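A.B. asks: There's a structure below that I have some questions on.
Nothing in this text is a laboratory measurement; each read-out follows from the coordinates by a stated rule. Here the structure is a predicted model, which is why all the values come from computation and not from measurement. No Cβ is skipped: glycine too gets one built from the backbone with ideal geometry, and neighbour counts run over all protein chains shown.
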Amino acid sequence: MASIIEQLLVLQDRDRKLMRLQREIDDLPERQAMIEAPLEAYQQAIDRAEEDIRNKKKEQNDLEAQIEQRRERIKKFRQQQMEVKNNDDYRTFETQIKKLETEITSLEDKELELMEALEGLETVRAEKQAAWANEKEGIDADLADVRQRAANIEQEYEAVKADRAKLAEGIDPDWLARYDRVFQHHRDYALVSAENNTCGGCHMKLPPQAAHDARKLDSMTTCMYCGRLLYSLP
Ligand SMILES: [Zn+2]
C-alpha cells in the first residue's frame, strides 16, 4: 500500500494533466480564429471592393440618365428648330443645342473615368477572390488538424479524468478533501517538496520543526506561509 503522500502525488500528477489539457481546450477557439483570420481579411477586402463597385455603377447609371435627358432635349429642340420662321430663333435653338452637346461631352468624359475606376476595382476584387481561394485550401487543412487535435485532447481528458476518479476512490476521504481544497485554491500544486528546508510552492524558508515533520510519510505538514501540503521523501 502506497503512503498517503505517494497516493496524492499520483493524483496531483493527473490533476495537473487535466489542467493542462483544459487550457489547451480553452485555447482552441482562439487558435481557430487565428487560422481563419487571413480569410477574414480577404473577405473584408472583397466586400469593400464590391461596395465600391456598386456605388460606381450607381454613379454610372446616374450619368447615363443625365446624358439621355440631354439627348432627348436636343431631339426636341431640333424638331422645334425646323419649324421656326426667322434666323434669330433658329440661332437661339442652335446655341441651346451646342450648350447641351458640350454638357454631354463633359458627362461622357466623367463616365469614361468612372469606367476606368470600375475596371480597377474589378481587378482588385478578382485578385482578392483569387487570394482567398488560394488560402482557403491551406486553411481548411489547418482547421481540420485543429479539429482532430481537439478530438484527441477531449479523449485524453476523459481518460485522465476517469483514471483520476479511480485513484481518488482509493484515497482516504479526509486527506482527499484536504488535498482538493489546497489544489483548488492554488491551481498549481497542493503537495510540494520541502527539500532544503524550503517550501517548494512559495519558496519560503521553513522552520526546522516543519522541515522535520515533512519527512513523516503518513502525516502531513502545512506550509505556514502558503498553506500547501509539504512532503519530503527519504
Ligand atoms: Zn509555502
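A.B. asks: My understanding is that a pair violates if its Cα-Cα distance is over 18 Å; which of 17/161; 57/98; 56/136; 57/110 do that in this structure?
C.D. replies: 57/98; 56/136
A.B. asks: Would you mind checking region 65-83 for residues with the amide N under 13 Å from a putative spin-label position 7 Å along Cα→C-beta of residue 99?
C.D. replies: Hits in region 65-83 for residue 99 at 13 Å: 74.
A.B. asks: To make sure I understand the rule: partners must be aspartates and glutamates, Cα under 20 Å from the Cα of residue 128, and not fewer than 8 residues away in the same chain. Which ones qualify?
C.D. replies: Candidates past the 8-residue exclusion: 36, 40, 47, 50, 51, 52, 116, 119, 137, 140.
A.B. asks: I want to check the label-to-label distance for residue 187 and residue 163. Put each point 7 Å from Cα in the C-beta direction and report it in nm to one decimal.
C.D. replies: Roughly 2.4 nm, to one decimal.
A.B. asks: If the cut-off is 12 Å between C-alpha atoms, which aspartates and glutamates fall inside it for residue 205, apart from same-chain ones fewer than 8 positions away?
C.D. replies: 195
A.B. asks: Now a separate question. What FRET efficiency, computed as 1/(1 + (r/R0)^6) with R0 = 30 Å and r the Cβ-Cβ distance, is obtained for residue 80 and residue 109, rounded to the nearest 0.05?
C.D. replies: 0.60
A.B. asks: Once you put a point 7 Å from the Cα of residue 147 and another 7 Å from the Cα of residue 178, both along the Cβ direction, what distance in nm separates them?
C.D. replies: Between residue 147 and residue 178, the label points sit 4.9 nm apart.
A.B. asks: Suppose R0 equals 41 Å. What FRET efficiency, 1/(1 + (r/R0)^6) with r the Cβ-Cβ distance, do residue 137 and residue 19 give to the nearest 0.05?
C.D. replies: 0.70
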